[in-house]
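Taken together, the values in this text are just the output of simple stated rules run on the coordinates, not laboratory data. Bear in mind the structure is a predicted one, so any value in this text is a computation, not a measurement. Because the Cβ atoms are built from the backbone with ideal geometry, glycine has one as well, and the counts that use them run over all protein chains shown.
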Protein chains: 2
Amino acid sequence: MNLLLLEDADFIAADRVVLRDRRLKHMQEVHRSEVGDSLRVGRVGGLLGSAELLRLEPREAELSVAFDREPPAKLPLTLVLALPRPKMLRRVFQTIATMGVPKVILVNSYRVEKSFWQTPFLEPAAIREQLILGLEQARDSVLPEIVIEKRFKPFVEDRLPAITDGTLGLIGHPGDFPACPRSVEQPVTLAIGPEGGWIPYEVELLRASGLNPVQLGERILRVETAVTALLSRLF
Amino acid sequence: MNLLLLEDADFIAADRVVLRDRRLKHMQEVHRSEVGDSLRVGRVGGLLGSAELLRLEPREAELSVAFDREPPAKLPLTLVLALPRPKMLRRVFQTIATMGVPKVILVNSYRVEKSFWQTPFLEPAAIREQLILGLEQARDSVLPEIVIEKRFKPFVEDRLPAITDGTLGLIGHPGDFPACPRSVEQPVTLAIGPEGGWIPYEVELLRASGLNPVQLGERILRVETAVTALLSRLF
């Protein structure tokens, strides 16, 4: 936790918060904070700043807070992601929040097991929990937008073209394709497939909506690793 | 498992193997293999090739195998890594094997908790298990070398200069440093710190041994994410 992220409900005055949950425990057990300590804070959806620890008791802490700077910029990116398996999904949410992805659209794919859509990790509160952990890691305060588009074909045919318009449209896809470009200047729409990859029919639909396959070499990466590797190379 | 990795003990003849362990289970339950199926295989430390499934019984499978091609090239890199926390360590071993890192040197750092060195995940069999998972993911057959140098100062002062010699020496380190270079041509020695980063004294010792700090932007990445992001940018 490199940043203490504050929710509206934490505020007891414009410049004062009280914490009682895992953030209190983290201050006590990991940071071993003491009264008078200064901490980096952010307000969810708002600015970053600093806090002073005024009072630390076993069950609550009170801090005075001041916000004075913008969070780091997001990447100019929309990420279209085939739903990963549940265990991976949680880490992917953290990773995309940490890396500064502003918008992720989760889609179905032929190789996504149907049962993955039943995972409790797709519930809004569970998604938010992982995103917050990713933001705390990166020292960012703005939640990425997560959109669920369970039906691949209507999404790709009817809504993806408007998203891709004016962006560099890419499909991360192992095979005999051009290498993923480096350090691009324009906004990107990037589609990353499931374990085992998109099937040819899906690649054709994505192509028809303005996305073209690019590859990162012959090594097959796990989804979480592929997300980081592609973003690090593109931006 | 994108590649079935075979150990010497699996061979009952030069072109014949019998499997009874998690790989058999994976063939049965995930791949749902049938007699006659062709599978991608590799021999640990050797070549890649293909196999034909000759016999599939509840407790063992027999395959004929032929090896005909080199595994993918490794990165021209030595990675010096402050020991991550145990849970992270396992995933890092997988990631470095998947990404093609040929050699990792695990070192101590002021911010590495002493208890991390007691983890069973540092035992050779446990390390090998994670590396094999990473190789199976990437379709590689050559295990990375993992070296444990628990004492930071003697390693950095006495042995690191010979490793760094003739390479581009870099420290992945958040802060006011040059941006990490992209697409480098020469071999690299890269040091990645613990959560919380190297302390200034450690950075000075690394600098004196020929490594210079570079950064990836203001976002603080988890160790596993930082490894992938730095390698993807460098190579």
(request) For segment A:146-174 and segment B:1-76, compute the distance between their C-alpha centroids and round to whole Å. (result) 37 Å
(request) Once you have a ≥ b ≥ c as the square roots of the Cα gyration tensor eigenvalues for segment B:168-235, tell me rounded if a/c is under 1.5, and otherwise prolate or oblate according to whether a/b is larger than b/c. (result) oblate
(message) At 7 angstrom along the Cα-to-beta-carbon line, where would the label on residue A:150 sit relative to the other copies? Give the distances in nm, shortest first.
(response) 5.3
(request) In square nanometres and to one decimal, what's the mean projected area of the convex hull around the Cα atoms of the protein assembly as shown? (result) 24.4 nm²
(request) Can you tell me the equivalent ellipsoid semi-axes for segment A:77-234? Use √(5λ) from the Cα gyration tensor, largest first, whole Å. (result) 22, 18, 15
(request) Lys and Arg at +1, Asp and Glu at -1: add these up for the other residues within a Cβ distance under 12 Å of residue B:215 and post the number. (result) 0
(message) Given Cβ point charges of +1 (Lys, Arg) and -1 (Asp, Glu) and nothing else, what value in debye, to the nearest 20, does the dipole of segment B:4-69 about its Cα centre take?
(response) 180 debye
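In percent, what relative contact order does segment A:77-234 have, based on Cα pairs under 8 Å that are 6 or more apart in sequence?
Once divided by the residue count of segment A:77-234, the mean separation gives 30 percent.
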(request) Could you list B:185, A:123, A:224, A:62 in order of exposure, starting from the residue whose Cβ has the fewest other Cβ atoms within 10 Å? (result) B:185, A:123, A:62, A:224
(request) Sum -39500 (n - 2.57) across every DSSP H segment of at least 4 residues in the protein assembly as shown, then divide by the residue count to get the 222 nm mean residue ellipticity, nearest 500. (result) -8000 deg cm²/dmol
(request) Return the FRET efficiency for the residue pair residue A:59, residue A:126: r is the Cβ-Cβ distance, R0 is 25 Å, and the value is rounded to the nearest 0.05. (result) 0.45
(message) Let me confirm the definition first: pairs of Lys residues in chain B, 8 or more apart or on different chains, C-alpha distance under 29 Å. How many are there?
(response) 14
(message) Less than 13 Å Cβ to Cβ from residue A:73, Lys/Arg counted +1 and Asp/Glu -1: what total charge do the surrounding residues give?
(response) +1
(message) Just to confirm the numbers: residue B:178, label point 7 angstrom along the Cα-Cβ line, distances to the other copies in nm, shortest first?
(response) 2.9
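Arrange the following residues from fewest to most other Cβ atoms within 10 Å of their Cβ: A:21, A:140.
A:21, A:140
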(request) Shortest first and in nm with one decimal, please list how far the residue A:204 label point sits from its counterparts in the other copies (point 7 Å along Cα→Cβ). (result) 6.5
(message) Treating only the Cβ of Lys, Arg, Asp and Glu as charged (+1, +1, -1, -1), what charge dipole size does the protein assembly as shown show about its Cα centre? Round to the nearest 20 debye.
(response) 340 debye
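So, R0 is 41 Å and r is the distance between the beta-carbons of residue B:68 and residue B:176; what FRET efficiency does that work out to, to 0.05?
Step by step, r from the Cβ atoms, then E = 0.20.
Rounded to the nearest 0.05, what FRET efficiency do residue A:14 and residue B:40 have when you use their Cβ-Cβ distance and R0 = 56 Å? Walk me through the numbers before you get to the answer.
Working: r = 61 Å, r/R0 = 1.09.
The formula returns an efficiency of 0.35 here.
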